[in-house]
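Note sheet for the following structure.
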Amino acid sequence: HSIQDAIVRRRRMQGYRTLWLPGTDHAGIATQMIVEKELRRSEGKSRHDLGRAEFLRRVWAWKEKYGSRIGEQHKALGASLDWQRERFTMDEGLSRAGAPDA
């Protein structure tokens, strides 16, 4: 993220209006794999055993427990992000477009 930060800062110093929107994708493949691995280890089950709704509940629980780490790391580095507008891929309005109708 150093390159992105440098570009945003430079353009801002040049007088451009800039926005580097912080966002996390805890619904992505990496999170899915972590949650599935923990599920197999602790309960001997797969995400299919749980069903979509329960698996998503587990993803949200994982996000609540560990999700702030990425933001904390960016803040510690002093990244020039607009923290008041932070987004998450499963936020209402963002996830609705990719959700099945079921």
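Any read-out appearing in this document is the output of simple, stated calculations on the displayed coordinates, not a laboratory observation. Note that the structure is a prediction, hence the values are computed from the model and not measured. We place every Cβ from the backbone using ideal geometry, glycine too, and count neighbours over all the protein chains shown.
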Based on DSSP H runs of at least 4 residues, each adding -39500 (n - 2.57), what is the mean residue ellipticity at 222 nm of the chain after dividing by all its residues, to the nearest 500 deg cm²/dmol?
-16500 deg cm²/dmol
Given Cβ point charges of +1 (Lys, Arg) and -1 (Asp, Glu) and nothing else, what value in debye, to the nearest 20, does the dipole of the chain about its Cα centre take?
340 debye
How much net charge surrounds M33 when only the other residues with a Cβ under 11 Å from the Cβ of M33 are counted, with Lys and Arg +1 and Asp and Glu -1?
+1
Using alpha carbons only: equivalent-ellipsoid semi-axes of the chain, gyration tensor based, whole Å
34, 16, 10
Just flag the chymotrypsin sites (Phe, Trp or Tyr not before Pro) in segment 5-72 sitting in loop per DSSP whose Cβ has no more than 11 other Cβ atoms within 10 Å.
Y16
Gain in span if fully extended, R41 to M13, counting 0.36 nm per residue against the direct Cα distance:
5.1 nm
In segment 1-63, trypsin sites (Lys or Arg not before Pro) in a DSSP loop with at most 11 other beta-carbon atoms within 10 Å
R17
Hydrodynamic radius by Kirkwood for segment 27-66, inverse mean 1/r across distinct Cα pairs, in Å, is 10.0 Å
